[in-house]
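This structure is in structure tokens; I'll ask about it shortly.
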Amino acid sequence: MKKMGCAAAACALLLCLLCLAVPDGQILWEASDALYTGSDLPAPAWSLLPYGAGLAASAALAWAVSCGLVRRRTTRCAAVCWLAWSLALGILLSRMLYCVIEPAYYNPKWLSRLAVLRLWDGGMAMTGAILGALLAGRIVPGGKALAPTALPLFVAGARLSELFTQIGYGPSVSMEGMLARQVGYATRLNVSVLEAVMALVIFLCIVLLPRWAQRRRLELTDNDRLRAFVLLYGISQIFMESLRRDRHMVWGFTKVQQILAILMVLITLLMMAKDAPGRLHALRITLLAAVPLIALEFALDRADVSILLLYGVYLLILALYLRGVYRVFRQSLPSRSGEY
């Protein structure tokens, strides 16, 4: 009970920290200017901030729903401990990843100013938050049952929370409604809403995955469900990051979190492979997808070609890649009779 009480207190503290200290999805201009000029960095406002409150609410709701879905496969203490570790590691790694990658932090003085701990300056990376939750599952074994369903729900809520920020928008469009967003004088595609919808689709896939395995008489563990989430999220995020035009964590014409998404998928495939030929196959299908996608990213950034045509080819390549990934995942699951 003492361990559970400490974990619950840590959860409450970290959720409050998100509500009161995270102002935006990317670095604030005043903080960026201060890092370059060497002037005093802005102080925290310590007031309720919409984006941070959205992140906190998303984390709490995702955890609660996931606990209800897997209540027989984990203990209450393990669930609370996993949430505490996920929040702590997720906040730290998402902030650290942003600070390491974002060009605004290339000033060497940021380390001496502990910029990575200054959440109120803005700047978080979703990939870091997911890695933190995955690492928490290694620390708290019971978290492996919670993570596959909690993570897509958190992603959905976090993406909707980007409506309070200046990120999450895509190319100019001529439409109205939830998929459109006013940015300055232009109407932009609301990519964050598309990402939220995709996260909910992934959540449904993970919920239905045990039924799919049962019909095919396959053994399915929590690790398999977690790998399925990483594969689906990674492949979908490759496309979603391509749609973004908000200059969030960008190197040239390539989005950094897009590269990280491809690496997440590749590493997961290599972990599932049972032998050298399987690992070689995983590497081959990833390269066959990554090379033309990089070319398409360059074309989308520079070439004077129809954007609808380019994205049609983009989706076709990802569909073929998803088909290859599905086969690797399917072959990695043992049958109930013990045959592969």
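Based solely on its DSSP helices, what 222 nm [θ] is calculated for the chain when runs of n ≥ 4 H residues each add -39,500 (n - 2.57) and the sum is averaged over all residues, nearest 500 deg cm²/dmol?
It comes out at -23000 deg cm²/dmol, rounded to the nearest 500.
Most mobile of Ile130, Ile238, Ile317 per a Gaussian network model of the chain (Cα springs, under 10 Å)?
Highest fluctuation among the options: Ile317.
If neighbour count is taken as other Cβ atoms inside 10 Å, put Ser58, Ser47 in order from fewest to most.
Ranking Ser58, Ser47 by Cβ neighbours within 10 Å, fewest first, gives Ser47, Ser58.
To continue, here is another question. Could you run the Karplus curve 6.51 cos²θ - 1.76 cosθ + 1.60 with θ = phi - 60° over segment 75-80 and give me ³J(HN,Hα) per residue in whole Hz, x for Gly and Pro?
After applying 6.51 cos²θ - 1.76 cosθ + 1.60, I find 9, 5, 5, 5, 5, 5 Hz.
Rounded if a/c is under 1.5, else prolate if a/b is larger than b/c, else oblate: which is the chain, with a ≥ b ≥ c the root eigenvalues of its Cα gyration tensor?
oblate
Please list 3J(HN,Hα) in residue order for segment 281-294, calculated via the Karplus relation 6.51 cos²θ - 1.76 cosθ + 1.60 where θ = phi - 60°; whole Hz, with x for glycine and proline.
Once rounded to whole Hz, the list reads 5, 4, 5, 5, 5, 5, 5, 5, 8, 5, 4, x, 5, 5.
Order by neighbour count: Ile307, Ile27, fewest other Cβ atoms within 10 Å first, most last.
The fewest-first ordering by Cβ neighbours comes to Ile307, Ile27.
Sticking with this one: For a quick check: sort Tyr98, Tyr311, Tyr185 by the number of other beta carbons within 10 angstrom, fewest at the front.
Ranked by crowding around the Cβ, least crowded first: Tyr185, Tyr311, Tyr98.
Simple spin-label model, 7 Å along Cα-to-Cβ: Leu135 to Ala64 in nm?
So the label points at Leu135 and Ala64 sit 2.8 nm apart.
Given a Förster distance of 41 angstrom, what is the FRET efficiency for Leu270 paired with Trp46, based on the Cβ-Cβ distance and rounded to 0.05?
Efficiency, from the Cβ-Cβ distance: 0.40.
Rounded, prolate or oblate: which fits segment 200-335 when a ≥ b ≥ c are the square roots of the eigenvalues of the alpha-carbon gyration tensor, with rounded for a/c under 1.5 and prolate only if a/b beats b/c?
prolate
Readers should treat all values here as calculations from the given coordinates under stated rules, not as data from a laboratory. Not measured: the values here are computed from a predicted model. FYI the Cβ positions are ideal-geometry reconstructions off the backbone, even for glycines, and counts take in every protein chain you see.
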